[in-house]
């Protein structure tokens, strides 16, 4: 009996072990099946993603993820990298799973035309300063964008701000005064100045004066009020990464995470600027507040709400200071690096003063009649376009034909700013060089082509920059007044400045030696 029971126990245990082994094998097989299915789904999805735009050439791995775009933006060289792509693969090239870029000005004009069916893409979501509402730059609703733009156009154009030119003159005088009192060098004294920093002080005071009726006082303090420059130079590169990966921007703007963003209650940085804008706008909406003859006053007269006005006032400061400052820096650096161009512009200014064609201070209308000055400004805008992000637009329903290729709807198409503005076909074999003479040597047809192309720096059609009038007036006046009064030379020719790109140019440590004209030419 005992042997029989023992045999039965062994049999039962063997059967149990078999069932256990079979169950484990089944579980392992099921897990393998799930994993295999997931891998297959991912591979099929990647294949379909690649295949959708596989007829458009570009870096192979860029078709599978946004790593290439993010990597180049983190290196601070995205515009150069995109130009390399269009140079290698053609005028229309692929740089992401659903992202293309073009260096064809005609394609960009068609995309941005007033009646174009193209719309701003998710790239613009990262440009919200307030996660709860859009500004004119981030707005993707075409009807709302057109309406808001129409309310703001008069304020930017100067039609309702007759003091625009005198305001710019006031801030140029403040810049000249700052240089004369603190940064003049001689054979006995060496007082170097960071022109990158002072250029932005100047543009911040100009745009704050125009926007709010009084300057924030950067030039007067000779300091970075609210640590604005320090904070934005760190924050703007992050904005570009978020723009390249809109999912991250939307995540950051979500209710759980938006508390990490700058707030109007902050004491320093971007948040402090938000607080200043909100306070100034609130004062304009106070009972019995008088209408003011500045940009903000114009916006309110044309129907902007308090929330809209706060957002647009902030946008004015950000968009109107960094880009203009970049162009001033690049023009001055290019002139100092090109003695022939520097001397020719100084000669045009000297002759203009001598013949009475240049007042003191120079008037905008007079500056527009100085051919070499205008050539220098256009060349500076061209050689390093101040706003050099991709600015992706969405292909409309039904798709589009570009360069003989069908591009399906929903595809994002951006611009190659260096490809456009360094085109040898448009600007000549030496397009990579700063050479203002090209604008004076070109025949009528070539000049028109070059001019229309450089105008794309300010975008086009329904997306043309409203601040173009202000920026061009700054450029028309500031270079004449600086070169009328001073001589500039690079203090550190081995490393003139630190330059990187984050959609705009971040230019730092641009140290110069300044002497008074006609006093110390050593």
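Summary table below
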{"item": "Helix axis angle, 306-336 relative to the chain longest principal axis, alpha carbon, degrees", "result": "70"}
{"item": "Simple spin-label estimate for residue 306 and residue 495 in nanometres, 7 Å along Cα-Cβ", "result": "4.9"}
{"item": "Highest to lowest packing among 35-46, 433-444, scored as the average C-beta count within 10 Å", "result": "433-444, 35-46"}
{"item": "As computed over region 16-127, the Cα convex hull volume per residue (Å³)", "result": "174"}
{"item": "Distance between modelled label sites at residue 351 and residue 140, nm, 7 Å Cα→Cβ extension", "result": "5.3"}
{"item": "Relative contact order (%) - criterion: Cα under 8 Å, at least six apart; region: the chain", "result": "22"}
{"item": "Stretchable slack from residue 41 to residue 55, in nm (0.36 nm times residue separation minus alpha-carbon distance)", "result": "2.8 nm"}
{"item": "Fewest-first ranking of 50, 68, using other Cβ atoms within 10 Å as the exposure measure", "result": "50, 68"}
{"item": "Ratio Rg/Rh, restricted to region 48-516 and using Cα atoms, in which Rh is the Kirkwood radius", "result": "0.96"}
{"item": "Computed helical MRE - 222 nm, the chain, DSSP H runs ≥ 4 contributing -39500 (n - 2.57), nearest 500", "result": "-18000 deg cm²/dmol"}
{"item": "Region 127-178 versus region 205-224: alpha-carbon centroid distance in Å", "result": "15"}
{"item": "Principal-axis tilt of helix 142-157 within the chain, Cα atoms, nearest 10 degrees", "result": "20"}
{"item": "Protection proxy ranking, peptides 323-335, 145-157, average beta carbon neighbours within 10 Å, highest first", "result": "323-335, 145-157"}
{"item": "Isotropically averaged projected area of region 432-513, using the convex hull of Cα atoms (one quarter of hull area), nm²", "result": "7.8"}
{"item": "Nitroxide proxy distance, nm - points 7 Å out along Cα→Cβ at residue 409 and residue 279", "result": "4.9"}
{"item": "Per-peptide average of other Cβ atoms within 10 Å, ordering 216-227, 401-412 highest first", "result": "216-227, 401-412"}
{"item": "Alpha-carbon centroids, region 38-59 and region 373-408: separation in whole Å", "result": "26"}
{"item": "Acute angle (nearest 10 degrees) that the helix 78-89 long axis makes with the longest principal axis of the chain, alpha-carbon atoms", "result": "70"}
{"item": "Net length gained if the chain between residue 401 and residue 221 were fully extended (0.36 nm per residue, minus Cα distance)", "result": "59.3 nm"}
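Each value in this text was obtained by applying a stated rule to the coordinates, not by laboratory testing. Every value quoted in this text rests on a predicted model; they were computed, and no experiment measured them. All Cβ positions, even for glycine, are placed from backbone atoms using ideal geometry, and neighbour counts span all protein chains on display.
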